[in-house]
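Asker: Quick one: structure below, then a few questions.
Laboratory data are not the source of any read-out in this text; all were calculated from the coordinates shown. Computed from a prediction, not measured in an experiment: that's the story for all the values here. Methodologically, a virtual Cβ is constructed for each residue, glycine included, from the backbone with ideal geometry; neighbour enumeration extends over all protein chains shown.
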Amino acid sequence: MAKLLRIGLTGGIAAGKSTVAQRWQQAGAIVIDADELAHRALEPNTPTWQEIVREFGRKFLNADQTVNRKKLGEIVFGDESKLLALNRIVHPAVHRMQTDLLAQCERDGRAEFVVVTIPLLYEVGAERDFDYVVTVACSEQTQLARLTAKGLNEEQARARIRAQWPMQKKMDQSDFAIWNDGTLRTLSEQADIIWANIKENCYAKR
């Protein structure tokens, strides 16, 4: 059985990671979304949920006991110590789930490639888990436009941008980078070129 190739997909907030991941899923990759795992980790009465309640209080829960992510985000993105506390709780749980899913993909042998989208891949030191890392980036002006279009005000948007490494720093450390300031077609073309390069490199090593 050929080794499962692991691709870490990261980048700035609102840069277009999900669109690239969907493109590669259509090309045959299994996609694991760290944000989705974080949602699962925060389901009511899970150990992670209980830690969140202990750390931040029940005032950040909705009526159905789910975590009010919007309300929590307003607090943590304005206070670095609170953001660090949140990350210390959530990231280990997400990493465990991600590791289990990757091991399952390896056992199943159903696909040759797995893509894991992790917004804070470099920030949490996860780059060592992957054969290749790809960064999706765009200008800060584009980020602001996309985030405000989703309902954030400029101050909230800038706080979320500041919570991540600068785009250039991520691009410099990645194996491949995609610049997404243009059209969906341009993004798709870049994604297809990089996907072809990864596959070619992978098969050349076998």
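Asker: Arrange the following residues from fewest to most other Cβ atoms within 10 Å of their Cβ: M97, M167.
Answerer: Working: M97 18, M167 21.
By the 10 Å Cβ count, ascending: M97, M167.
Asker: Given [x] 8, 28, 30, 20, 9, 4, 1; [y] 9, 35, 37, 15, 4, 1, 0; [z] 8, 32, 35, 20, 5, 0, which label gives P(r) over Cα pairs in 10 Å bins from 0, in percent as computed from the coordinates?
Answerer: Among [x] 8, 28, 30, 20, 9, 4, 1; [y] 9, 35, 37, 15, 4, 1, 0; [z] 8, 32, 35, 20, 5, 0, the one derived from this structure is [z].
Asker: Given a cut-off of 22 Å, name the pairs among K71/K150; K71/K169; K17/K170 whose C-alpha atoms lie farther apart than that in the structure shown.
Answerer: Numbers: K71/K150 15 Å; K71/K169 30 Å; K17/K170 13 Å.
With Cα atoms farther than 22 Å apart: K71/K169.
Asker: Now for a different question. Can you sort K199, K150, K17, K169 by how many other beta carbons sit within 10 Å, fewest first?
Answerer: K150, K169, K199, K17
Asker: Report the net charge of residues surrounding W195, where surrounding means a beta-carbon distance below 15 angstrom and charges are Lys +1, Arg +1, Asp -1, Glu -1.
Answerer: Combined, the nearby Lys, Arg, Asp and Glu give -2.
Asker: May I pose another question? If each residue's Cβ is checked for other Cβ atoms within 10 Å, how do L121, L187 rank with the fewest at the top?
Answerer: The fewest-first ordering by Cβ neighbours comes to L187, L121.
Asker: As I understand it, the value is the acute angle between the Cα axis of helix 80-108 and the longest principal axis of the Cα atoms of the chain; what does it come to in degrees, rounded to 10?
Answerer: That helix lies at roughly 40 degrees to the long axis.
Asker: For the chain, what is the mean residue ellipticity at 222 nm derived from helices alone (per DSSP H run of n ≥ 4: -39500 (n - 2.57); sum divided by total residues; nearest 500 deg cm²/dmol)?
Answerer: Details: 9 runs with 112 residues, N = 206.
Estimated from H runs of four or more residues: -17000 deg cm²/dmol.
Asker: Shape verdict for region 77-198, please, from the Cα gyration tensor: rounded (a/c under 1.5), prolate (a/b greater than b/c) or oblate.
Answerer: Verdict is oblate for region 77-198.
Asker: Ok, one more. For a quick check: with amide H placed at 1.01 Å from N, whose amide H comes under 5 Å from G11's, ignoring anything fewer than 5 positions away on the same chain?
Answerer: L121, V136
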